[in-house]
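This report refers to the structure that appears directly beneath it.
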Amino acid sequence: MNLSEEIVVGVPYKNPTVDEEDFPSKVGGVPKWLALDGIPKLSCTKCENPLKFVLQVYAPLEDVPDAYYRTLYLFVCNQEECRNKDHSIRIYRNQLPIDNKYYLETEEEDLQRKGENPVLPIENILTKNTFGIETIIIDPEETQKIEEAIKNAPKPGDFDDVDEFEDDEDDESKTSEDYRHENELIKQYLEAEGNAEFKEMSTDFDNLVNDLDKAQKDEKFIRFTKFCASYPNQILRYCRSEASEPLWISDQKVPDVTKVTKCAICGSKKSF
């Protein structure tokens, strides 16, 4: 996160003509490649099954000569043995300089594409449904307001109203007869304690309570939900500032960014 820079979020929306655009950002369907040469082998590096196309994002770098046109493509391996593993997600970058053999400017200053998009094998298609990705810009002021609200929010276990702990005067006047329902529930609980099925249910409930307790204390998760609340359907967050940091979803299993490998081509440090 970077509180001083604009953040771009992507939200899917119905757009039946998205494939007719020169540089679409979209979910589902088939990818629209920039360059038609050198398309990678779209198979899992472990199980060798076909990778499934998920989405593509047009993200040009107009100040970088070789990336004037630039699209990122996301593919996943959907095999059960590969799901949720690092190798199951592949992102490919396809980029071109402003002068290239695929996109030619006409006299009307429109772009004319040369060459046909290669057909994607059916086994690489995750879904035939296609949605466009609308981009929404979040101003730094909005981001700072959310950050301030998070800082001032009460922490788990804090109470603003001390009256919650005051005795209910009406309870003092109650007799044992008034607690017949509660006493019956306690009796049933004690009788069920020896039941194996009850014990299993009790353990599941205890685990659920523990998970909820952890979520309440998970500061990164709370922060994540607060920042995503304004646009709950967002599927992308994008900020190219060097000071930008990931918006982690949880305190648990946060990757060590110091161990991110350098670029295999130029040896430079990778940036978020």
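What to note about this one:
- Just one of (1) in contact with a Leu (Cβ under 9 Å, 6 or more places away or on another chain); (2) farther than 22 Å from GLY132 by Cβ fails for TYR58. It is (2).
- Within the stretch 237-251, considering residues that are of a type outside the set (Phe, Trp, Tyr) and modelled with pLDDT of 85 or more, the one nearest to PRO60 (Cα to Cα): ARG237
- Among the strands (runs of 3 or more DSSP E) confined to the stretch 28-105, the ones with at least 2 residues that are surrounded by 13 or more Cβ atoms within 10 Å (Cβ to Cβ) are located at 52-58, 69-76, 89-96.
- Residue in the stretch 221-272 that is surrounded by the fewest Cβ atoms within 10 Å (Cβ to Cβ), counting only those that are outside any loop (DSSP other than H, G, I, E, B) and in contact with a helix residue (DSSP H, G or I) (Cβ under 8 Å, 6 or more places away or on another chain): LYS226
- Residues in the stretch 48-68 that are of a type outside the set (Gly, Ala, Ser) and under 25 Å from the mean Cα position of the chain (by Cα): ASN49, PRO50, LEU51, LYS52, PHE53, VAL54, LEU55, GLN56, VAL57, TYR58, PRO60, LEU61.
- If you go through the stretch 243-254 and keep only what is over 15 Å from the mean Cα position of the chain (by Cα) and not charged (D, E, K, R), you end up with ALA243, SER244, GLN252.
The values are calculated or read from the model by the stated rules, or taken from the named source; none is laboratory data. Computed from a prediction, not measured in an experiment: that's the story for all the values here. Note: ideal-geometry Cβ built from the backbone for every residue, glycine included; neighbour counts use all protein chains shown.
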